[in-house]
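Engineer: What follows is a structure written as structure tokens; I'll ask about it next.
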Amino acid sequence: MSIDAVRKSACANLIIALLSDVHGNLEALDACLKHAGANGAGRYAFLGDLVGYGADPQAVVDIVARYAAEGAVVVKGNHDDAVEKTPGYMNESVRAVIDWTRNTLSDEGKVFLSSLPLCIREGPICFVHASAASPKRWYYIDSPAAAHRSIDAAQTAYTFSGHVHDQQLYFQAVPGKTTVFRPVRGSPVPIGRHRRWLALVGSVGQPRDRNPEAAYAQFDTERERITFYRVPYDHVAAARKIRQAGLPASIAYRVEHGI
Amino acid sequence: MSTEIDGFIVGERIHSGAMGDIFRVTGRNAGVPMIMKLPRFAPGESAESLINFETEAMILPALSGPHVPRVISVGDLAKTPYIVTEWIEGESLEQVLKRGPLPVPEIVRIGAALADAVHTLHLQDAVHLDLKPDNVILKADGEVALIDFGLTFHARFPDLLAEEQRFAAGSAPYISPEQVLGIRSDPRSDIFSLGVVLYELATGKLPFGVPATMAGLRDRLWLDPVPPRIRSREVPPWLQEIILCCLEPRAENRYQSAALIAFDLRQPDQVALTERAYKSRQAGFFMQARRWWRARGERAAPRRMPATQVSTSRVVLVAVDTMHPDDARHPSMQRTVARILSIPAEYRLICVSVIRGGPGTGGMGGATSPTDPYHDHLVRLRHWVEPLRLPASRLSLHVMESADPAEMLVQFAQRNHVDLIVLGAPSPNQLRLAWWRSVASGVTANAHCSVHVVRVPDSAET
């Protein structure tokens, strides 16, 4: 290995790819992993909801389990949790997908999902699917106040979450006041650890901002910068697979149109 | 013994301000004179000075070009916060102003250079928000550099000052009505401040004084400044028109981009004069009272990126071949221009005719007399654009002579922040226009903006 290659791989470990809400969308996950690898990611964090909605839960769980074996961070999302026991709040079409997912997944896959922790703290970072304030209740971070509660509960400089499918960066410019910033794709944002930040990294497998491109983010731990990305992928193929699997057409439509 | 920070040797302190101190530094083989900005950290110092420092440390490295200081190094904010930039040699506009109001040609030169700098900043999605003579450096090459980005808004970065309205507002005499209301994302705020600076350059006075209270600051939401021509008889109507247009209380009534200010300052004979130009007193009591009433509830904020906001006003240059008025391409070019101008909310059309001439270049615009050598071409240009029925305020006409028309067009377009050049392609069956081929290709190759080449299909010509 050349000096440059060694240096490159040493640097690569400092960049964490943050992927959330894959929702069984293999095409989107492949595209994001490829993009992250090409952009220097050396570590991976999956922020929950590996399954639900998409037609490839088994393939997605297999990939993530492989990354987990190599040291990736993986936390549980509400859809992963629902595979074990369907909760009352899910609507009919989501429930249909969860039932189908349960029947499709291998036993190992189901064990992998149920073994996932709700929240992982690692140095200055807290990884959690929904709110760090009571992760099991799956509160949406949909306001500065909700972000504030999660940041307070996390007690870390950085909280990285999904659940809400939008990309948002909440921050505390002055202690006690939480503000929201809508990131611009591909523009690195300095996020120094002397402040508290909560990033919603967007959804890999089911974006809902009328843009079907997959969403994820990368955190450069050394330079303390976060970059939000959108990655084009074959969303038409992903939607076709959902229809072919006999899942609700409304879900295929959402993947096609990013809604 | 000298102090060393991160390999920089700290020299003499050259400034001590509210936000921190500035020292000359050497070292690290940067090859340019440098300064280091250090924030105040002492106990009892307010937190906002650090937020301003952090804002500058975040935004300045993302800016580039001749109008901002180049960043050499930024220290780790948590350990050794500092910013080292190149030292910009020049005189601050504040020093220039101490010598009193400036003659009109100087106002034009400095004002246009300042507008160029502001426009370049806006195109990078940043709004300075603290434009004042103190923060403007006149460089030896005639360009202007802006300094101090501690209050700057950048649409690609979180706004650390969003919740800090008390400290985010800028300098009382210069800030825009939007800033008074806590809105920090509108590039037209800088246009207002630019208007205050031009007013000061022209009259030596501040249009809204130096307000010390919030009520005093809010005055500019409705108050009519004393027209500059009342304060100084040297101020021509076109300059008053430009200044008062910048100072409109409502952002949508101002110039929508600094590029248009630079253009008007450089082509005073083409400024469309409105009643603003001849205003000889402030609006009457009832008019002002009505504006005051309306301003009570002002809140609106733009939701667009600054570069997108300033790009809603497009500057389009059309190169018209007035040597060949019967050319088959003219109707097609007129249709193209009409279509292009129907899209943006605000636009400026610059019609240019370049006459192929000797080695020397010359030019003219606006009013001419029949004895001028270019008069015929100017008349043809006016006839060319007449069917488009554009208001005079959106139009300017220029006849220029050059041995190298392509180069002339490219330079003229760049100087005037043109967004799009429209010109005709050489047509295959017009061999007598062979030189035009080189113009179209030359402009396309070298222009700094987009180029729309209008080609008339053969069938249409035969």
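Engineer: For segment B:91-304, what does the relative contact order come out to in percent, with C-alpha contacts under 8 Å and a separation of six or more? Working shown, then result.
Structural biologist: Values: 335 pairs, mean separation 48.9, N = 214.
Normalised by residue count, the contact order of segment B:91-304 is 23 percent.
Engineer: What's the whole-number percent of alpha carbon pairs in the protein assembly as shown lying beyond 35 angstrom?
Structural biologist: Result for the distance tail: 57 percent.
Engineer: Once you've got the GNM for chain A with C-alpha springs shorter than 10 Å, pick whichever of A:V83, A:V22, A:V236 has the biggest mean-square fluctuation.
Structural biologist: Result: A:V236 has the largest fluctuation of those listed.
Engineer: How much length is gained if the chain between B:A30 and B:Q414 is pulled fully straight, taking 0.36 nm per residue apart and subtracting their Cα-Cα distance, in nm to one decimal?
Structural biologist: Additional length available on full extension: 135.2 nm.
Engineer: Is there a quick way to get the dipole size of the protein assembly as shown? I mean about its Cα centre, with the Cβ of Lys and Arg at +1 and of Asp and Glu at -1; what is the value in debye to the nearest 20?
Structural biologist: Approximately 1400 debye in magnitude.
Engineer: Compute the FRET efficiency between A:N103 and A:Y253 as 1/(1 + (r/R0)^6), taking r as their Cβ-Cβ distance and R0 = 41 Å, and round to the nearest 0.05.
Structural biologist: 0.95
Engineer: Once fully extended, how much extra length lies between A:S143 and A:S93, figured as 0.36 nm per residue of separation less the alpha-carbon to alpha-carbon distance?
Structural biologist: Gain in length upon complete extension: 15.3 nm.
Engineer: Identify the GluC sites (Glu not before Pro) of segment A:54-161 meeting these criteria: DSSP loop state and at most 13 other C-beta atoms within 10 Å of the C-beta. Don't jump to the answer; show the numbers that get you there.
Structural biologist: Values: sites: A:E70, A:E84, A:E92, A:E108, A:E122; in loops: A:E70.
When the GluC sites (Glu not before Pro) of segment A:54-161 are filtered for loop state and at most 13 Cβ neighbours within 10 Å, A:E70 remain.
Engineer: What percentage of all Cα-Cα pairs in segment B:66-106 are separated by more than 13 Å?
Structural biologist: Here the tail beyond 13 Å accounts for 68 percent of pairs.
Engineer: Cα to Cα, under 12 Å, and not fewer than 8 places away if on the same chain: which aspartates and glutamates meet these conditions relative to B:K98?
Structural biologist: B:D134, B:E200
Engineer: Which value, in debye to the nearest 20, gives the size of the charge dipole of chain B about its Cα centre, when Lys and Arg are +1 and Asp and Glu are -1 at the Cβ?
Structural biologist: So the dipole magnitude of chain B works out to roughly 1300 debye.
Engineer: Let me ask something additional. I need to check one value: relative contact order of chain B, counting alpha carbon pairs closer than 8 Å and at least 6 residues apart, in percent.
Structural biologist: 11
Engineer: Within a Cβ distance under 13 Å of B:L194, other residues only, what is the Lys/Arg minus Asp/Glu net charge?
Structural biologist: With Lys, Arg at +1 and Asp, Glu at -1, the neighbours total -3.
Engineer: Along Cα→Cβ, 7 Å out, is where each label goes; now give me the distance between the ones at A:R225 and B:A212 in nm to one decimal.
Structural biologist: The two pseudo-label positions are separated by 4.6 nm.
Engineer: Give me the one-decimal nm value for the distance between modelled label points at A:R240 and B:R40, 7 Å along each residue's Cα-to-Cβ direction.
Structural biologist: Label-label distance for A:R240 and B:R40, simple model: 6.6 nm.
Engineer: Here's something else I'd like to know. Quick one: net charge around A:R185, please, counting Lys, Arg +1 and Asp, Glu -1 for every other residue with C-beta under 12 Å from its C-beta.
Structural biologist: With Lys, Arg at +1 and Asp, Glu at -1, the neighbours total +1.
Engineer: Then there's this: Shielding of B:152-163 by partners, i.e. mean partner chain Cβ atoms within 10 Å per residue?
Structural biologist: That works out to 5 on average.
Engineer: Listing B:L273, B:L198 from the residue with the fewest other Cβ atoms within 10 Å to the one with the most, what is the order?
Structural biologist: Values: B:L273 14, B:L198 27.
If I rank by nearby Cβ atoms, fewest first, I get B:L273, B:L198.
Engineer: Still on this structure: How much length is gained if the chain between B:N446 and B:I14 is pulled fully straight, taking 0.36 nm per residue apart and subtracting their Cα-Cα distance, in nm to one decimal?
Structural biologist: Separation in residues times 0.36 nm, less the Cα-Cα distance, equals 151.3 nm.
Engineer: What is the packing order of peptides A:250-256, A:158-164, taking the mean over residues of other C-beta atoms within 10 Å and listing the highest first?
Structural biologist: Descending mean neighbour count gives A:158-164, A:250-256.
Engineer: At 222 nm, what value in deg cm²/dmol follows for the protein assembly as shown if DSSP H runs of at least 4 each add -39500 (n - 2.57) and the sum is divided by all its residues, to the nearest 500?
Structural biologist: -10000 deg cm²/dmol
Engineer: In whole Å, how far is the Cα centre of segment A:56-86 from that of segment A:110-154?
Structural biologist: Between the Cα centres of segment A:56-86 and segment A:110-154 lies a distance of 16 Å.
Engineer: Still on this model: Based on alpha-carbon atoms only, what is the radius of gyration of segment A:67-134 relative to the globular estimate 2.2 N^0.38 Å? Please report the intermediate quantities before stating the final value.
Structural biologist: Values: Rg = 13.5 Å, N = 68, 2.2 N^0.38 = 10.9 Å.
For segment A:67-134, the normalised Cα radius of gyration is 1.23.
Engineer: Name all residues of segment B:393-417 having a backbone nitrogen under 19 Å from the label point set 7 Å from the Cα of B:D141 along its Cα→Cβ direction, giving them as ranges.
Structural biologist: B:411-417
Engineer: Quick check: net charge around B:A272, other residues with Cβ under 13 Å of its Cβ, Lys/Arg +1 and Asp/Glu -1?
Structural biologist: Once all neighbours under 13 Å are counted, the net charge is -1.
Engineer: Output the direction-averaged projected area (hull surface divided by four) of the convex hull of the alpha-carbon atoms of segment A:3-257, in nm².
Structural biologist: 12.9
Engineer: Under the Kirkwood approximation for Rh and a Cα-based Rg, what ratio Rg/Rh is obtained for segment A:130-177?
Structural biologist: We get a ratio of 0.92 for segment A:130-177.
Only the coordinates and a few stated rules stand behind these numbers; no lab work does. Keep in mind that what you see is a predicted model, and the values were worked out from it rather than measured. Don't worry about glycine lacking a Cβ; one is built from the backbone with ideal geometry, like all the others, and counts go over all protein chains shown.
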